[in-house]
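Reviewing the structure listed below.
The values are calculated or read from the model by the stated rules, or taken from the named source; none is laboratory data. Keep in mind that this is a model prediction, so the values were computed, not measured. In this analysis, Cβ positions are derived from the backbone assuming ideal geometry, glycine residues included, and neighbour counts consider all displayed protein chains. Accessible surface areas use protein heavy atoms only, side chains included; no ligands, DNA or RNA. Shrake-Rupley method; radii C 1.70, N 1.55, O 1.52, S 1.80 Å.
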Amino acid sequence: MTIRLAPSPPVVGDALSRLDPALPRIAESFDLPAVRRLFERTWRKPITRCTMLSARYEPGALCVTTYELEAGNFNGSRARTIGVLELTPGGRSHRRYDEDPGLPGLAAAADPAVVATRLTSCSASPIERCTVTPVRYRPGERAVLRYRLTTSAGQVVLYGKVLAEGAGALTAVLTGLHETGRADPAAPSVLAPIAWLHDLGAVVQAEVAGDSLHALAFTSPLASAARVALLRRVGRAIAALHDGGGPPAPTRTAADDVRELRAYLPAASRADPSLATRLTEAVERAGLAALDADPAPVPSHGSLRTDQVYVSAERVTLIDLDGYCWSQRARDIGNLLAYLRWRAIRQPEHRALVAEGRRAFRAAYRRTGDMPADDLIRTAEAISLLKIAGRRFRNLSVREWPRVPGLVDAALELLPNGGSG
């Protein structure tokens, strides 16, 4: 049997071993062979793959890490799950993702027998078999599950999102945006919920047609012109979203975003005090710029990135609308532009494509919608860049820490008086 483990470079352990005196065992959470052995003892099966998925760090209080685990069964099949390791000053504990006390409906939503029974009304033919695969998971907050249903008519793939709170509100948002998209072909498509399993906190949708903008723009064999054309289509769709009458939701302001930024500073100070000083300067400058950065709010995706937009021949479709809100137009625009810039920082070979794609997105939005003032877009993009920077420390993305100064520099250049600091 071959055991495959994702590498855990010594530099990660070295950086984390001195990070937090209250949590001296953080580096052990990144020692994948040791993590594999820990879960093997609990699972009583040989684990053939252990890959880190995420980390969330709260200085002096908590570090929660998740791992994709694959174990071999005695019949030669494979069982896949997500493992969770939680570290506090009081010690360390571990569990499977579906044992999350913050998501009490997750165990049932991840049980094939329960799912097959609960989704019978959603299938035109009787369900003969159901498999459940975890796709994404954020401890205590949400999980996305893939349901593959086998019927006499063939296979159907659905996705269930289990939320700690707000499943009913998300159902209403998805329904409202779906109706808006049906009424306006220019608006982005949103799949209506197939089922709301209210007792499980789960919302179920169909599989999205097409591929993500991220995959099409950065990993597909498409020619550069075709990739830029995709960003042009997305620009038109987001302008239509902002011009439409979306369902009600809380308003998110630039001041709210700056408060989120300040919450990232303690982790940055632990990891790199001198860089944290510059990050703090940038956050405070963003706070001053945000004072005048909230025109009339419009329906907003809330966290627009290239992996949350799917494109097919017929439509542009939005996914992951948990953060749907009403906000100024510049917020969605700036967030997408920031993540495009981050792509160019991480993968310089995409710089030319990103530069042309950014221009195409903005030009298409301008022709279709009411383009915000340039200073509002610059402020929104700077705030999003600083979020990306702060999350590198909150998520303990050690291998990306050397790129954070570039993010801070870019944000400072975008903010008022950025050239004088």
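Calculate the FRET efficiency for A355 and T277 from the Cβ-Cβ distance with a Förster distance of 35 Å, rounded to the nearest 0.05.
In this case the efficiency is close to 0.70.
Considering the values (i) 62, 56, 41; (ii) 66, 48, 45; (iii) 62, 49, 37, which represents Cα extents along the principal axes in Å as calculated for the structure under consideration?
(i)
For the peptides 301-309, 21-29, what is the packing order when you average, over each peptide's residues, the other Cβ atoms within 10 Å and list the highest mean first?
So the order, starting with the most tightly packed, is 301-309, 21-29.
Any idea how far apart T175 and A206 come out in nm if each label point goes 7 Å out from Cα toward Cβ?
1.8
What list of ³J(HN,Hα) values in whole Hz, one per residue of the stretch 215-221 in order, does the Karplus curve 6.51 cos²θ - 1.76 cosθ + 1.60 (θ = phi - 60°) give from phi, with Gly and Pro shown as x?
Result, rounded to whole Hz: 5, 5, 7, 10, 10, 8, x.
Give me the distance in nm between label points sitting 7 Å out from Cα along the Cα-to-Cβ direction at A153 and R92, one decimal.
Between A153 and R92, the simple spin-label model gives 5.0 nm.
At q = 0.14, 0.15, 0.21, 0.23 Å⁻¹, what base-10 log of I(q)/I(0) does the Debye formula yield for the stretch 367-421 when every alpha carbon is treated as an equal point scatterer in vacuo?
Log-scaled intensity ratios, in q order: -0.45, -0.50, -0.77, -0.84.
Using modelled backbone amide H atoms (1.01 Å from N, in-plane), which distant-in-sequence or interchain residues come within less than 5 Å of S189's amide H?
V316, T317, L318
If the chain between A373 and D307 were fully stretched, how many nm would it gain, using 0.36 nm times the residue separation less the Cα-Cα distance?
21.1 nm
Take E58 and R80, extend 7 Å from each Cα along the Cα→Cβ direction, and tell me the distance between the two endpoints in nm.
A separation of 3.1 nm, rounded to one decimal place.
Given Cβ point charges of +1 (Lys, Arg) and -1 (Asp, Glu) and nothing else, what value in debye, to the nearest 20, does the dipole of the chain about its Cα centre take?
Computed about the Cα centre, the dipole is about 1080 debye.
Which residue, chosen from L216, T117, G140, occupies the Cα position most advanced towards the positive end of the dipole of the stretch 111-247, where the dipole is computed from +1 (Lys, Arg) and -1 (Asp, Glu) charges on Cβ about the Cα centre?
Of the listed residues, the answer is L216.
In whole Å, what are the Cα extents of the stretch 212-351 along the three principal axes, biggest one first?
47, 39, 23
Under the Karplus relation 6.51 cos²θ - 1.76 cosθ + 1.60, θ = phi - 60°, what is the ordered set of whole-Hz ³J(HN,Hα) values for the stretch 30-38, x standing for Gly and Pro?
Working through the residues one at a time gives 9, 8, 5, x, 5, 5, 4, 5, 4 Hz.
Check V298: other-chain or 5+ apart residues with amide H under 5 Å from its amide H, H built from backbone geometry?
It is S327, Q328, R329, by chain and number.
In debye, nearest 20, what is the charge dipole magnitude of the stretch 256-369 about its Cα centre with +1 on Lys and Arg Cβ and -1 on Asp and Glu Cβ, if you could check?
Here the stretch 256-369 has a charge dipole of around 460 debye.
Per residue of the stretch 247-258, what does 6.51 cos²θ - 1.76 cosθ + 1.60 with θ = phi - 60° give for ³J(HN,Hα)? Whole Hz please, x for Gly and Pro, Karplus curve as stated.
Values per residue, Gly and Pro as x: x, x, 6, x, 8, 10, 10, 5, 5, 4, 5, 5 Hz.
Among T251, L265, Y57, flag the residue with its Cα farthest along the positive direction of the charge dipole of the chain, charges on Cβ as +1 for Lys/Arg and -1 for Asp/Glu.
Looking along the dipole axis, the top candidate is Y57.
At a 1.4 Å probe radius, which order do H198, H242, H178 fall into by accessible area, largest first?
H198, H178, H242
Only Lys, Arg, Asp and Glu count, each charged at its Cβ (+1, +1, -1, -1), so figure out the dipole size of the stretch 61-109 about its Cα centre, rounded to 20 debye.
The calculation lands at about 120 debye.
Calculate, axis by axis, the spread of Cα positions in the stretch 33-80 along the three principal axes, and write the results as whole Å, longest axis first.
Principal-axis extents of the Cα atoms in the stretch 33-80, largest first: 44, 18, 14 Å.
Please work out the Cα center distance from the stretch 209-245 to the stretch 299-316, rounded to the nearest Å.
Taking the Cα centre of the stretch 299-316 as reference, the centre of the stretch 209-245 is 8 Å away.
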